[in-house]
């Protein structure tokens, strides 16, 4: 979409507190914003409101005539004439899943309506979105983040350190749990014995774990447990935990081509969950599968 951040609706915005203007009635003046663009706090939200409203508006009224998913509001569906069109919307990016694209098909009609209402560009077959590469082998669809992992290694991994991680090691060291427990046992910030963490270690740790978290939630369930445990110590990292974060990053580097591969063959969804049954606040994990691959996973501490 070329019109992201623009809204046809009027909007009111209060003057900066450093530049107040009063009207004849003595009250502060406001701006009448006709086209909010990037830079205004409410621009993205205003655009989304207009965009989503157009999606669900009936075709007879000039809209796209789609239904919005109740569980995931950024997913829209339209069924007509035995065809189904799925749309995933992120800001001004749209991913369309459809079976037919010839003139008169559901997708073709939607595309024509879209270009009539908005300044849009059809970029063709999906190859990547949000740092996720999309590829195909036959009828299978593969999602991976190889380029994103390479960028993380280049940004975060100290020079010469990558070679210290073995290719076939798991995404944590043999002392992982012990290092986590040691960090969690440190006095909290509200305690008189609190010692602030090293600012350099804190910044590096939070940056690395934040980047790893994106991988673990999008395409890499194999690091979900490690990253979940590391996230528990975001405010109290130790040098040992920083090494654990590098360990996960080294594991990803050696297996950066690993991803999710979905098959078009008919299948039924299935899944399982388990817990380590700790005496206090167990760690639970779950994974659910469909079309030959994982569709949902997670590892978290019970409340």
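Read-outs throughout are calculated quantities, based only on the coordinates presented, and are distinct from any laboratory measurement. Here the structure is a predicted model, which means the values were calculated and not measured. Neighbour counts run over all protein chains shown; Cβ positions are idealised from the backbone, glycine included.
Our estimate of slack between residue 128 and residue 45, defined as 0.36 nm per intervening residue step minus the Cα-Cα distance, is 27.4 nm.
Which FRET efficiency, nearest 0.05, do residue 159 and residue 203 yield, Cβ-Cβ r, R0 22 Å?
For R0 = 22 Å, the calculated efficiency reads 0.75.
Note on residue 86 and residue 301: the extension gain reaches 74.0 nm, defined as 0.36 nm multiplied by sequence separation minus the Cα-Cα distance. Roughly speaking, what is the centre-to-centre gap between the range 214-253 and the range 256-303 when only Cα atoms are used, to the nearest Å? Spelled out, the Cα-based centre of one part sits 18 Å from the other. Subtracting the Cα-Cα distance of residue 286 and residue 150 from their residue separation scaled by 0.36 nm leaves 46.2 nm. Taken along the Cα-to-beta-carbon direction at a fixed 7 Å, the label points for residue 100 and residue 178 span 6.5 nm.
Put a dot 7 Å past the Cα of residue 277, heading toward its Cβ, do the same for residue 263, and the two dots end up 3.3 nm apart. For the chain, the C-alpha radius of gyration divided by 2.2 N^0.38 Å, with N the number of residues, is 1.28. Using just its DSSP H runs of length 4 or more, each adding -39500 (n - 2.57), the chain gives a mean residue ellipticity at 222 nm of -9500 deg cm²/dmol after division by all residues.
Taking label points 7 Å from Cα along the Cα-to-Cβ direction, residue 140 and residue 30 give a separation of 5.7 nm.
Pick out which of 24, 240, 211 has the largest mean-square fluctuation in a Gaussian network model of the chain, springs linking Cα atoms closer than 10 Å. For the chain, modelled as a Gaussian network with Cα springs under 10 Å, the answer is 24.
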